[in-house]
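A.B. asks: After the structure tokens below, expect a handful of questions from me.
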Amino acid sequence: MINLPQRPRRNRKTQAIRDLVQETHVTVNDLLFPLFLTLGDNKKVEVSSMPGICRFSLDLLLEEINECNNLGIKAFDLFPQYEESKKDKFASESWNEEGMYINAIREIKRNFPEICLMTDVAMDPYSSDGHDGLVQNGKIANDETLEILGKMSLAQAKAGADILGPSDMMDGRVGFIRNILDTNGYSETSIMSYTAKYASAFYGPFRDALDSAPKFGDKKTYQMNPANSREAIIEAELDASEGADFLMVKPALAYLDIIKLLKDNFTLPIAAYNVSGEYAMIKAAAQNGWLDGTKAMNESLLSIKRAGADIILTYFAKEFAQNLKV
Ligand code: PBG
């Protein structure tokens, strides 16, 4: 036997020692669960490209939140699916205080005042063009979009949203929304900015869930080029200076370097969105028996946390919490 001053395997020799030296832990406290809302009663329809994830009508959504809450999940992010007939160029339904989405926010907070409810600020679920911004002459009109985002933000804040999530990537929207909130007395409503949101192929299943795919073109004039990391710093500096409370990177797994970059350079909490396509890949492979779905889930979440995410938005939240209970 040779004498080696260091044998790193000594710290891996038993489960007890491996547990002692484990650097990163994922807990249910780190997770934020995205939920899909649809119109009607007693509706629960699985999204075909997201096994285990459903669109719920409000009545069943309240039951789902209750169940998740009992598993220890305290934070949720709500997205609406609207029929084509409710959509228009201006996403008018998005600030309708009697509409499905705003009403659901009010009802959820009335039933579960203690949970953290995040909402989505972008035009796409309500836009007949399927874009996050207002389309004028075939282009996305940045500053005109801000007015619309401001109206939906105010309606969501009034309904009781705890955190607004601008997912649209328009320039100046964090400051614009912060100003509207403060001016109207909602200085306690937080903003989790989708700071570095990339034009990604991994959003496909989400667009199936909401029927929200763009009707023409793509989102490359507002979402970031996957090739760029320095640009993430420009976005993060702007969001931090405009008053964001959290900075988010999206997607998560193909962008672990971006999570680390923002974590190392900013002091605000960093969130990462483990998006629909990342969920679907693991589910599909597991259904085929090609990998162990539970282990792949745990390893993915761990890697996102290790890269520097304080918060993970993930469709795995409920499954992760359920596994801890058994
Ligand atoms: C759009 C929005 C998207 C997601 C959240 N908000 C899709 C897109 O930009 O087209 C994707 C989430 C996911 O894939 O899980 N405002």
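The numbers here are math on the coordinates, done by the rules we state, and not lab data. In this text, all values refer to a predicted model and were calculated from it rather than measured experimentally. Neighbour counts run over all protein chains shown; Cβ positions are idealised from the backbone, glycine included.
A.B. asks: Given the structure, is residue 192 under 23 Å from residue 264 (Cβ atoms), of a type in the set (A, V, I, L, M), surrounded by 19 or more Cβ atoms within 10 Å (Cβ to Cβ) and under 16 Å from the mean Cα position of the chain (by Cα)?
C.D. replies: Values: under 23 Å from residue 264 (Cβ atoms): yes; of a type in the set (A, V, I, L, M): yes; surrounded by 19 or more Cβ atoms within 10 Å (Cβ to Cβ): yes; under 16 Å from the mean Cα position of the chain (by Cα): yes.
Yes: the conditions hold for residue 192.
A.B. asks: All but one of (1) away from the ligand (no atom under 12 Å from the Cβ); (2) part of a helix (DSSP H, G or I) hold for residue 185; state the number of the condition that does not hold.
C.D. replies: (2)
A.B. asks: Against the definition (more than 15 Å from the ligand (Cβ to nearest atom), hydrophobic (A, V, I, L, M, F, W, C) and without any contact (Cβ under 8 Å) to a residue 24 or more places away in the chain), how does residue 307 come out, yes or no? Don't jump to the end; show me each part of the working.
C.D. replies: Details: more than 15 Å from the ligand (Cβ to nearest atom): yes; hydrophobic (A, V, I, L, M, F, W, C): yes; without any contact (Cβ under 8 Å) to a residue 24 or more places away in the chain: no.
It is false that residue 307 is more than 15 Å from the ligand (Cβ to nearest atom), hydrophobic (A, V, I, L, M, F, W, C) and without any contact (Cβ under 8 Å) to a residue 24 or more places away in the chain.
A.B. asks: Restricting to region 143-161, name every residue that is touching a residue at least 40 places away in the same chain (Cβ under 8 Å) and either crowded, with 19+ Cβ neighbours inside 10 Å or not in a loop (DSSP other than H, G, I, E, B) (or both). Even if it seems obvious, please write down each step before you answer.
C.D. replies: So the first thing to find is which residues in region 143-161 are touching a residue at least 40 places away in the same chain (Cβ under 8 Å), and the list is 148, 151-152, 154-156, 158-161.
Those that are touching a residue at least 40 places away in the same chain (Cβ under 8 Å) and either crowded, with 19+ Cβ neighbours inside 10 Å or not in a loop (DSSP other than H, G, I, E, B) (or both): 148, 151, 152, 154, 155, 156, 158, 159, 161.
A.B. asks: Test residue 162 against the criterion of being farther than 24 Å from residue 112 by Cβ, acidic (Asp, Glu) and away from the ligand (no atom under 14 Å from the Cβ), and give yes or no. Give the derivation first.
C.D. replies: Numbers: farther than 24 Å from residue 112 by Cβ: no; acidic (Asp, Glu): yes; away from the ligand (no atom under 14 Å from the Cβ): yes.
Criteria not met by residue 162.
A.B. asks: Looking only at helices (runs of 4 or more DSSP H) that lie completely in region 12-124, which have at least 1 residues being buried (at least 22 other Cβ atoms within 10 Å of the Cβ)?
C.D. replies: On the way: elements: 15-21, 58-70, 100-111.
Passing ranges, in order: 58-70, 100-111.
A.B. asks: Read through the list (1) over 20 Å from the mean Cα position of the chain (by Cα); (2) on the phi > 0 side of the Ramachandran plot, then give the number of the only condition that residue 169 fails.
C.D. replies: So the condition that residue 169 fails would be (1).
A.B. asks: Against the definition (out of contact with any helix residue (DSSP H, G or I) (no Cβ under 7 Å at 6 or more places or on another chain), free of Cβ contacts under 8 Å to residues at least 24 places away in the same chain and within 14 Å of the ligand (Cβ to nearest atom)), how does residue 208 come out, yes or no?
C.D. replies: Working: out of contact with any helix residue (DSSP H, G or I) (no Cβ under 7 Å at 6 or more places or on another chain): yes; free of Cβ contacts under 8 Å to residues at least 24 places away in the same chain: no; within 14 Å of the ligand (Cβ to nearest atom): yes.
So residue 208 does not fit the description; no.
A.B. asks: State the number of residues belonging to region 230-252 that are of a type in the set (Lys, Arg) and in contact with a strand residue (DSSP E or B) (Cβ under 9 Å, 6 or more places away or on another chain).
C.D. replies: Looking only at region 230-252, we keep the residues that are of a type in the set (Lys, Arg), and these are 230, 250.
Still in the list and also in contact with a strand residue (DSSP E or B) (Cβ under 9 Å, 6 or more places away or on another chain): 250.
Final tally of qualifying residues: 1.
A.B. asks: Restricting attention to region 253-275, and to residues there that are free of Cβ contacts under 8 Å to residues at least 40 places away in the same chain and in contact with a strand residue (DSSP E or B) (Cβ under 9 Å, 6 or more places away or on another chain), which single residue is surrounded by the most Cβ atoms within 10 Å (Cβ to Cβ)? Let's see the steps before the verdict.
C.D. replies: So in region 253-275, the residues free of Cβ contacts under 8 Å to residues at least 40 places away in the same chain come out as 261, 265-268.
Within this subset, residues satisfying the condition of being in contact with a strand residue (DSSP E or B) (Cβ under 9 Å, 6 or more places away or on another chain) are 261, 266, 268.
Working: 261: 21, 266: 17, 268: 18.
Per the criteria, the residue is 261.
A.B. asks: Which residue is farthest from residue 37 (Cα to Cα), if the candidates are limited to region 118-149 and must be away from the ligand (no atom under 16 Å from the Cβ) and not acidic (Asp, Glu)? I'd like the intermediate steps shown before the answer.
C.D. replies: Step one: filter region 118-149 for residues away from the ligand (no atom under 16 Å from the Cβ), giving 136-139, 141, 143-144, 147.
Filter again for not acidic (Asp, Glu), leaving 136-139, 141.
On the way: 136: 29, 137: 31, 138: 30, 139: 29, 141: 28 Å.
Once the filter is applied, the top-ranked residue is 137.
A.B. asks: Another question, then. Scan region 292-301 and give yes if some residue there is in contact with a Gly (Cβ under 7 Å, 6 or more places away or on another chain) and either within 13 Å of residue 252 (Cβ to Cβ) or assigned to a helix (DSSP H, G or I) (or both), otherwise no.
C.D. replies: Applying the first criterion (in contact with a Gly (Cβ under 7 Å, 6 or more places away or on another chain)) to region 292-301 yields none.
No: region 292-301 contains no residue that is in contact with a Gly (Cβ under 7 Å, 6 or more places away or on another chain) and either within 13 Å of residue 252 (Cβ to Cβ) or assigned to a helix (DSSP H, G or I) (or both).
A.B. asks: Please find, among 197, 215, 219, the residue that is closer than 25 Å to residue 126 by Cα, touching a strand residue (DSSP E or B) at 6+ places or on another chain (Cβ under 8 Å) and within 14 Å of the ligand (Cβ to nearest atom). Break it down stepwise before answering.
C.D. replies: Values: 215 fails: touching a strand residue (DSSP E or B) at 6+ places or on another chain (Cβ under 8 Å); 219 fails: touching a strand residue (DSSP E or B) at 6+ places or on another chain (Cβ under 8 Å).
It is 197.
A.B. asks: May I ask you to list the residues in region 211-234 that are surrounded by fewer than 22 Cβ atoms within 10 Å (Cβ to Cβ) and in a helix (DSSP H, G or I)?
C.D. replies: 230, 231, 233, 234, listed by residue number.
A.B. asks: Might you check whether a residue that is within 16 Å of the ligand (Cβ to nearest atom) and crowded, with 16+ Cβ neighbours inside 10 Å occurs anywhere in region 289-298?
C.D. replies: To start, the set of residues in region 289-298 that are within 16 Å of the ligand (Cβ to nearest atom) comprises 297.
Checking the rest, the ones that are also crowded, with 16+ Cβ neighbours inside 10 Å come to 297.
Yes.
A.B. asks: Restricting to region 85-99, give me the number of residues that are over 20 Å from the mean Cα position of the chain (by Cα) and under 20 Å from residue 162 (Cβ atoms). Break it down into steps so the answer makes sense when it comes.
C.D. replies: Kept after step one, since they are over 20 Å from the mean Cα position of the chain (by Cα), are these residues of region 85-99: 85-93, 95-99.
Next cut, under 20 Å from residue 162 (Cβ atoms) only: 95, 97, 99.
Here the count works out to 3.
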